[in-house]
Structures are given as structure tokens and as C-alpha cells.
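Before any comments, here is the structure.
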Amino acid sequence: MKRNAHNVEKYLIEGNEVNSGEKLHFHHLMDKSQLLELANCEKLGLDHEFLLEKKGRLILLSSKYEFLRPLPKEGEAMIIDTWSRGIDVVKLLREAKYYCDGINEENVFALNTSQWAIISEEDHKTVELSRWISQEAQEDFFDDSIALTEELDLLESFYEEGMEPVLCYKVRYSDLDINIHFHSSYYIRTAMDAFAEFRNLDPEKETIRIRSFHIQYQNEIFMGDSVSMFVKEEEDFIFMEGVDPKGECVFLVKAKMDILDKDLD
């Protein structure tokens with residue numbers, strides 16, 4: 001492990017961050033993780049001022065989580081360890097480990113691999129990262145350790161015209177991030193709501209246990225845009241797709257999730 005390549009932060013889980021099952025909301029985990037990941041990217045020279053000067057935006061393309069144990073409860077400490085693994089032309093390859101109440105392998109509750117890119121504001125195309133991240137920074141701040149997986153599978157659309165959505169959501173002002181589009185963690189929030197609707201979750205008695213969750217971002221959406229959520233179950237997986245009013249895919253999810261009795265979770 002190249003320790004100087006890592007950012008590690010400890011977070012105490014607050015009561016307003018947990019769900020009806022008394023576990024940390026998944027989208028809150030992603031919120032905290034992304035802030036730390038952006039801080040880690042500053043080691044590569046990709047800070048806010050540099051990106052503004054170069055007229056580029058750092059965006060999340062795809063992210064996959066494996067959950068080994070339930071998410072933390074109120075009062076427990078979550079520790080996130082995140083680092084950049086390397087680059088693949090236009091993709092920044094990143095990894096993360098999540099611990100509960102102490103950094104040792106027995107306390108790992110989740111693993112993550114993600115892919116990021118820089119988009120040029122001038123032509124909205126991805127840039128070749130070796131031109132933006134110096135060779136010195138790559139040598140000093142890349143750690144080739146893999147937390148979850150070396151490659152992320154490409155998810156494919158399953159939406160067909162005429163399908164009935166599970167729910168529809170309209171993007172509001174409070175959903176926007178610094179890039180003035182729907183915040184990447186809120187896609188996860190919308191997907192979790194769609195799964196709860198699909199399974200007719202009773203929050204008084206039941207909760208959701210996430211085993212794995214792979215999200216792939218296809219198109220940005222903005223304030224006033226709407227997204228319709230479609231869900232299907234196939235073998236052991238839940239597939240979800242967000243679609244805009246033109247029928248174009250906004251994002252895709254492939255997950256393993258269960259509905260459990262709250263007393264058994």
C-alpha cells in the first residue's frame with residue numbers, strides 16, 4: 001500500500017442519516033465518499049481551481065459496491081479509505097474500502113470500484129487524462145491496489161416503449177450539485193425508492209439489505225427534467241433504468257437486494 005496515495009476519514013453516523021431500518025442511508029454513504037474522493041483527486045492536481053482554469057468537470061461514470069455486512073447504525077463510526085488506482089486513457093480508476101468502528105479487515109463492511117472522467121466544457125467530450133495528470137503525480141499518488149474488481153461490466157438498457165414505470169421523479173433545485181445537474185448520489189436515492197415501490201416495502205416492518213449495487217451514469221439531467229424508473233427482476237439480480245421523457249436512458253443499475261424483516265436485519 002502507498003499510504004500517501006490514500007485519503008482516510010472517520011465519520012460518526014448521526015440520527016438524521018439513518019433509514020427506517022436504523023442503518024445509514026446508502027445515498028448518505030455516497031455523499032461522504034464522494035467528498036473524500038474529490039479531496040483525494042486534489043493530490044493529482046485536479047482541484048477546483050485547476051478544473052475551472054482548464055474548463056473541465058470531473059464526473060462519475062460508473063460505480064460498483066459490494067456489501068459484506070449491513071451499513072452502520074446511528075452512533076457507530078464509519079471510516080472511508082479511498083485512492084486512485086490509475087488511468088485508462090480517459091478513465092480515472094478509483095477504489096475504496098469502508099470500515100465500521102476500526103481499520104482492520106474484520107471491520108470492512110463494503111468495497112468499491114469506480115470510474116471517473118474529465119469532461120471538457122467546450123465540446124463536452126472526455127479528455128485524455130495523461131495530459132491533465134502529471135507523470136510525477138501518477139508515480140507519487142497512484143496505488144494499484146484493487147479493493148473490489150479490476151474491470152466494471154458495461155450495463156445495457158432494457159427499457160422498451162410501452163413499459164409502465166414504477167415511479168416518476170421531477171428534478172428540483174435542491175437536487176442540484178455544483179455542476180448544476182442532478183447530484184450523482186440522488187440517482188441512488190431514486191433507485192432505492194423505485195425498488196421499495198417495486199417490492200411494496202412496508203417500512204413499519206421491513207427494510208432493504210443491499211448485497212451489491214452497480215450504477216452506470218448515461219446522461220445528465222437538470223432542474224425541471226423528469227425521470228421515469230423501470231424495474232425488473234431476473235435470476236438473483238434487480239435491474240433498474242431511469243428514462244427521460246424522450247425515451248433516452250439516464251442511468252442503469254444492477255443490484256442484489258433483499259427485503260428483510262426489521263427484527264432480523
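Quick notes
- Applying the condition of being surrounded by fewer than 21 Cβ atoms within 10 Å (Cβ to Cβ) and in contact with a helix residue (DSSP H, G or I) (Cβ under 6 Å, 6 or more places away or on another chain) to region 71-89 and asking which residue is nearest to residue 207 (Cα to Cα) yields 74.
- Meets criteria (among the small types (Gly, Ala, Ser), out of contact with any Asp or Glu (no Cβ under 7 Å at 6 or more places or on another chain), within 16 Å of residue 87 (Cβ to Cβ) and not in a loop (DSSP other than H, G, I, E, B)) for residue 33: no
- Selection from region 245-265 of residues that are under 13 Å from residue 206 (Cα atoms) and out of contact with any strand residue (DSSP E or B) (no Cβ under 8 Å at 6 or more places or on another chain): 263, 264
- Some residue of region 77-93 being in a loop (DSSP other than H, G, I, E, B) and either more than 17 Å from the chain's Cα centre (by Cα) or closer than 21 Å to residue 127 by Cα (or both): yes
- When residues of region 164-200 are limited to those that are farther than 14 Å from residue 225 by Cβ and among the aliphatic types (A, V, I, L, M), the one surrounded by the fewest Cβ atoms within 10 Å (Cβ to Cβ): 178
- Of the residues making up region 94-144, those that are within 25 Å of residue 57 (Cα to Cα), aromatic (Phe, Trp, Tyr) and part of a strand (DSSP E or B) number 2.
- Yes/no for residue 246 being among the basic types (Lys, Arg), farther than 24 Å from residue 72 by Cα and in a loop (DSSP other than H, G, I, E, B): yes
- If you go through region 146-163 and keep only what is surrounded by fewer than 13 Cβ atoms within 10 Å (Cβ to Cβ), in contact (Cβ under 8 Å) with a residue 60 or more places away in the chain and farther than 22 Å from residue 211 by Cα, you end up with just 161.
- Residue within region 49-61 that is at negative phi, assigned to a loop (DSSP other than H, G, I, E, B), buried (at least 20 other Cβ atoms within 10 Å of the Cβ) and touching a residue at least 60 places away in the same chain (Cβ under 8 Å) present: no
- Residue in region 104-114 that is touching a residue at least 60 places away in the same chain (Cβ under 8 Å), of a type in the set (A, V, I, L, M, F, W, C) and either surrounded by 14 or more Cβ atoms within 10 Å (Cβ to Cβ) or under 22 Å from residue 3 (Cα atoms) (or both) present: yes
- Restricting region 1-21 to residues that are touching a residue at least 60 places away in the same chain (Cβ under 8 Å) and over 19 Å from the mean Cα position of the chain (by Cα), the residue that is nearest to residue 39 (Cα to Cα) is 5.
- Candidates 42, 37, filtered to the one that is in contact with a strand residue (DSSP E or B) (Cβ under 7 Å, 6 or more places away or on another chain), among the charged types (D, E, K, R), closer than 21 Å to residue 143 by Cα and at pLDDT 95 or above: 37
- Test result for residue 134, touching a residue at least 24 places away in the same chain (Cβ under 8 Å) and farther than 26 Å from residue 258 by Cα: yes
- Qualifying residue in region 117-127 (condition: among the polar types (S, T, N, Q), touching a helix residue (DSSP H, G or I) at 6+ places or on another chain (Cβ under 7 Å) and surrounded by 14 or more Cβ atoms within 10 Å (Cβ to Cβ)): no
- Hits in region 185-241 - residues which are β-branched (Val, Ile, Thr) and not in a strand (DSSP E or B): 188, 190, 221
- Qualifying positions in region 240-256 - crowded, with 17+ Cβ neighbours inside 10 Å and over 16 Å from the mean Cα position of the chain (by Cα): 243, 249
The values are calculated or read from the model by the stated rules, or taken from the named source; none is laboratory data. Bear in mind that the values here come from a model prediction, so they are computed numbers and not experimental data. For neighbour counting, all protein chains shown are included, and Cβ atoms are generated from backbone atoms with ideal geometry for every residue, glycine included.
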